[in-house]
Amino acid sequence: MDSSPKIAIVTGAGSGIGKYVAIALAQKGYSVVLAGRRKEPLEATALEVRQANSKTLVVPADVIDSASVRALFAKTKDTFGRLDLLFNNAGISGPAMPLDDLTYEQWKSVVDTNLTGTFLCTQEAFKIMKSQEPRGGRIINNGSISAHSPRPNSAPYTATKHGVTGLT
């Protein structure tokens, strides 16, 4: 049995659920790649991950930018040689407002981050996981209860979380 540490990427790792998932994975022995748009919160998470004696890599990345996503996964592969787990967590909620007041730009921002970002990261993870030995890995897409019990005035968020369920 291979005793080398497993490698995980966590998107949205600078705060909230992503931060705590990254810490929990480190405590379970994973080396963790911390991805998010803002370097400072990622560095703060990295300090906590390192307390679990886990290797960590901070990679500022924006999941709505396909080149940024490709660079994140390439840096992970270059550094660790493999990927065992992707936790797709990066997301935004958008403004709380009636659908008819929502601008196209507000809609697109939520869709691009929550759904397209999940797609882009999943696609890059597949490429690594299919080509590594041993082959395979796990992908966890963080959805929301909103996909089943929508909150008022949250059409873009709810729609994307339905989409994440479908993608998964």
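The values are calculated or read from the model by the stated rules, or taken from the named source; none is laboratory data. None of these values were measured; they are calculated from a predicted model. Note that we place each Cβ from the backbone using ideal geometry, even for glycine, and neighbour counts take in every protein chain shown. All accessible areas refer to the heavy atoms of the entire protein, side chains included, with ligands and DNA or RNA removed. Shrake-Rupley method; radii C 1.70, N 1.55, O 1.52, S 1.80 Å.
Might you check whether a residue that is among the aromatic types (Phe, Trp, Tyr) and modelled with pLDDT under 95 occurs anywhere in the range 139-162?
yes
What are the residues in the range 37-83 that are in contact (Cβ under 8 Å) with a residue 60 or more places away in the chain and among the basic types (Lys, Arg), if any?
Across the range 37-83, the qualifying residue is only Arg82.
Can you pull out the residues in the range 57-90 that are in a loop (DSSP other than H, G, I, E, B) and open to solvent by 20 Å² or more (accessible area, probe 1.4 Å)? Working first, answer last.
Of all residues in the range 57-90, those in a loop (DSSP other than H, G, I, E, B) come to 61-65, 81-84, 89-90.
Listed by number, the residues that qualify are Asp62, Ile64, Asp65, Gly81, Arg82, Asn89, Ala90.
Taking Ile17 as the residue in question, decide whether it is out of contact with any Asp or Glu (no Cβ under 6 Å at 6 or more places or on another chain), open to solvent by less than 20 Å² (accessible area, probe 1.4 Å) and among the β-branched types (Val, Ile, Thr).
Numbers: out of contact with any Asp or Glu (no Cβ under 6 Å at 6 or more places or on another chain): yes; open to solvent by less than 20 Å² (accessible area, probe 1.4 Å): no; among the β-branched types (Val, Ile, Thr): yes.
Taking the combined requirement at face value, the residue does not satisfy it.
For the range 143-168, how many residues meet the condition of being in contact with a Ser or Thr (Cβ under 8 Å, 6 or more places away or on another chain), of a type in the set (A, V, I, L, M, F, W, C) and open to solvent by 30 Å² or more (accessible area, probe 1.4 Å)?
Residues flagged as in contact with a Ser or Thr (Cβ under 8 Å, 6 or more places away or on another chain), of a type in the set (A, V, I, L, M, F, W, C) and open to solvent by 30 Å² or more (accessible area, probe 1.4 Å) within the range 143-168 amount to 1.
Conditions first: (1) touching a strand residue (DSSP E or B) at 6+ places or on another chain (Cβ under 9 Å); (2) assigned to a loop (DSSP other than H, G, I, E, B); (3) within 24 Å of Pro41 (Cβ to Cβ); (4) touching a residue at least 60 places away in the same chain (Cβ under 8 Å). Gly117 passes all but one, so which condition is the exception?
Condition not satisfied by Gly117: (2).
Quick test of your reading of the structure: Ala24 fulfils all but one of (1) out of contact with any strand residue (DSSP E or B) (no Cβ under 6 Å at 6 or more places or on another chain); (2) part of a helix (DSSP H, G or I); (3) open to solvent by 50 Å² or more (accessible area, probe 1.4 Å). Name the failing condition by number.
(3)
Only one of (1) assigned to a helix (DSSP H, G or I); (2) open to solvent by 30 Å² or more (accessible area, probe 1.4 Å) fails for Ser93. Which number is that?
Tallying (1) assigned to a helix (DSSP H, G or I); (2) open to solvent by 30 Å² or more (accessible area, probe 1.4 Å), Ser93 fails exactly one: (1).
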